[in-house]
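I'd like to ask you about the structure that follows.
Computed from the coordinates by the stated procedures, all read-outs in this text should not be read as laboratory data. A quick note: this is a predicted structure, and the numbers were derived from the prediction, not measured. Reconstructed Cβ throughout: ideal geometry from the backbone, glycine too, with neighbour counts over all protein chains shown.
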Amino acid sequence: MSFNSLGLSDALLKAISKKGYTAPSPIQQKAIPPILEGKDVLASAQTGTGKTAGFTLPILQLLSQGQHLRQRPVRALILTPTRELAAQIFANIKEYSEFLDLRSAVIFGGVNQKPQAAQIRQGLDILVATPGRLIDLQNQGLISLAKVEILVLDEADRMLDMGFVRDIERIIKVLPSKRQNLMFSATFSKDIKKLAMGILHHPVHVEATPENTTVDAIIQKVYPVAKQKKTELIIKLITEGNWKQILVFTRTKQGANKLCESMISAGIKAAAIHGNKGQGARTKALAGFKNGSLTALVATDIAARGLDIPLLPHVVNFELPNIPEDYVHRIGRTGRAGASGEAISLVSPDETTFLRDIEKLVGLKLPKENIKGFEPDPNASTEPIKQGQGRPQRNSTPKKPKTDSTNRSSNNSFGPRRPNTNNDRRSNR
Ligand code: AMP
C-alpha cells in the first residue's frame, strides 16, 4: 500500500515524502481511512508503530479541508501524558503541516506559561497539551476549547496511570459534545475500556500489534546477575560491546541518578532523565542522546514514555519494572519502525517474580544467558522486592508461559491485567 492510496492531499504527500516515508505503517493504513471519514477510532498501538502520523496526518487533512475561522480557535486538541511526548507530537505536526496553512502549538508544565499564552492569543488550529497546564490556562481564561472538533487522547493507559483521569473528565466537560474522538493506548485494562466507553461513540477499532505483545524484530534476553554486580555488568556490556546508543531503565529516580554517576565515573557519556529533572535538563539530555554526544540515557518509566528515538539498537532493563506492561513499553524503544534491536534485562534473584509476571503477560519465556563472573549466588535470597518499592498485590497464580526457542517475541496475546491505578507505585519514578 502507498500513501497515495489513502486519499491524503498533495500537500501532505509532499511533507511525507520529505520525511522519507515510503509506505504507511500498519497502524497508519488502518487508522487513516476511518479518521478521514470522521469516525471515532479506538486504536491499540504503542510508540514506535508510527501512530503519531496515523492520527496527525488525517487530522491535518480534515482541518485544512474544513472552514477556517478568522479567529482561529483550537479545532483539534491532542492530550498526552508527558511533556516529551507532547513536544514530539508537536514537532511531527510542524513537519507534516509544512505545506498547509494551519497553526499549531504545544503547551506543558514546568516552563513559563507566558510564551504559551501569547501563542494561544494569536490563534491556533491544533493544540498539543499535557492535561495539567491545559487546565491551568483554561482556568485563567486564557484558552477556549469551545470550538474543538477533534479530540485525541494519546497514550491513554499512561494518562490513567499518572492519575489524569479527573483532569481528562474536566477537560471533556468544556468541549463541544459533538466532536470526533480518537483514543490511542498500548494496553487495554478494564479502566481504559471504561474511559473509552465514556468518550468514544461507536468507535472503529484498529490494532497495530496485538494487546500486550512485543514487537517481532526485538531480540529479548535475560542475564541473571547478582544485584551488587549489575552496575559492573552494564558498564562491561557498553564498553566491551562498543555500544554507541543505549537506553537504560531503572525503577526509581534515585536509582537512575546513581547508575548515571557510576557510568560517568567509568568514562561513559551518560545522563539521567526522570521526573525530578527540570524540563531544560530533560530536553538537553534527550537532544544529546539523539545527536550522539551521549552514549547512555538512564530513564525511569514515566520520563521515557513516548520518547521517539529512531533505530535505537539497545535497551537495557537495569531493573525490571514492577508493572509488567511497562516492560512492553520499555522494549518498544528498540526495533522502531521495522528496524531490529536488542532488549536485555539484568535480573537479580529478588526480581524473579517481576520476570514471571512479564513472561506471563507477553506469553513468552525469555531466554536466559549466564555471563561468567556475574552469575547470582545460587544461595542468594530470592525474597521479592517489597511493596511500595513496589509490586502490586496479585491474587492469581501466574500460568506457565509459553516457550519460544527462536528467541523472539511471539504474537500471542494475553488478556490485559493491569491492576487498578495506584499512584503510589509510580510516585518515586
Ligand atoms: P511513532 O510511533 O509515531 O512515535 O513513530 C515512530 C517512528 O517512526 C518516528 O521516528 C516516525 O518518524 C517514524 N515513522 C512514522 N511513520 C513512518 C513511515 N510510514 N515510514 C517510516 N517511518 C515512519
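Given H placed on each backbone N at 1.01 Å, which residues far from GLU207 in sequence or on other chains put an amide H within less than 5 Å of it?
HN-HN under 5 Å from GLU207: SER44.
Straight-line reach only, C-alpha to C-alpha below 12 angstrom: list the aspartates and glutamates that LYS284 could link to, leaving out same-chain residues fewer than 8 apart.
Of all the aspartates and glutamates, those that pass the test against LYS284 - Cα under 12 Å, at least 8 places apart if same chain - are GLU84.
Below 25 Å, Cα to Cα, which lysines can LYS18 reach? Residues fewer than 8 away in the same chain don't count.
Once the sequence-local lysines are set aside, what remains near LYS18 is LYS30, LYS51, LYS94, LYS290.
Can you run phi through the Karplus equation (6.51, -1.76, 1.60; θ = phi - 60°) for region 227-233 and list ³J(HN,Hα) in whole Hz, with x for Gly and Pro?
3, 6, 9, 4, 4, 4, 5
Let me check I've understood the local charge: for ILE126, count other residues with C-beta under 11 angstrom from its C-beta, Lys and Arg +1, Asp and Glu -1. What total comes out?
+2
Taking Cα pairs under 8 Å and at least six residues apart, what relative contact order does region 56-145 come out at, in percent?
Once divided by the residue count of region 56-145, the mean separation gives 38 percent.
Something else: ³J(HN,Hα) across region 315-330 via Karplus (A = 6.51, B = -1.76, C = 1.60, θ = phi - 60°), whole Hz, x for Gly/Pro?
Calculated HN-Hα couplings, in order: 10, 10, 8, 5, 10, 6, x, 7, 10, x, 4, 5, 4, 4, 5, 4 Hz.
Going down the table (LYS227/LYS360; LYS277/LYS368; LYS190/LYS229; LYS19/LYS277; LYS221/LYS269; LYS227/LYS365), which pairs top 27 Å between alpha carbons?
Cα-Cα > 27 Å for LYS277/LYS368; LYS190/LYS229; LYS19/LYS277; rest within.
Jot down the per residue volume, in cubic angstrom and as a whole number, of the convex hull over the alpha-carbon atoms of region 1-104.
Expressed per residue, the convex hull around the Cα atoms of region 1-104 is 106 Å³.
Putting +1 on Lys and Arg Cβ atoms and -1 on Asp and Glu Cβ atoms, find which of VAL225, HIS274, THR334 reaches farthest to the positive end of the dipole of region 218-362.
The listed residue farthest towards the positive side: HIS274.
Would you mind listing how long region 3-207 runs along its three principal axes, going by Cα atoms, in whole Å with the largest first?
44, 41, 30 Å, listed from the longest principal axis down.
So which trypsin sites (Lys or Arg not before Pro) in region 149-192 pass both tests, a DSSP loop state and at most 13 other Cβ atoms within 10 Å of the Cβ?
Those satisfying the criteria are LYS178.
Please compute the contact order of region 218-362 in relative form: average sequence separation of alpha-carbon pairs under 8 Å and at least six residues apart, divided by the residue count, as a percent.
33
I'd like the per residue volume of the convex hull spanned by the Cα atoms of region 218-362, given in cubic angstrom.
101
I would also like to ask the following. Name the long-range amide H neighbours of ALA299: under 5 Å, sequence gap of 5 or more, or other chain; modelled H, no Pro or chain starts.
VAL248, PHE249, THR250, ILE273
Using Cα-Cα distances under 8 Å and only pairs 6 or more residues apart, what relative contact order does region 3-207 have, in percent?
Result for region 3-207 is 29 percent.
Let me ask you something else. Under a Cβ-only charge scheme (Lys and Arg +1, Asp and Glu -1), can you give me the dipole magnitude of region 3-207 about the Cα centre, in debye to the nearest 20?
440
Enumerate the amide H contacts of LEU312 below 5 Å, restricted to partners 5 or more residues apart or on another chain; note that Pro and chain-start residues carry no placed amide H.
Close amide H contacts, sequence-distant or interchain: GLY335, ARG336.
Could you list the trypsin sites (Lys or Arg not before Pro) in region 29-137 that lie in coil according to DSSP, counting only those with at most 11 other Cβ atoms within 10 Å of their Cβ?
The qualifying sites are ARG70.
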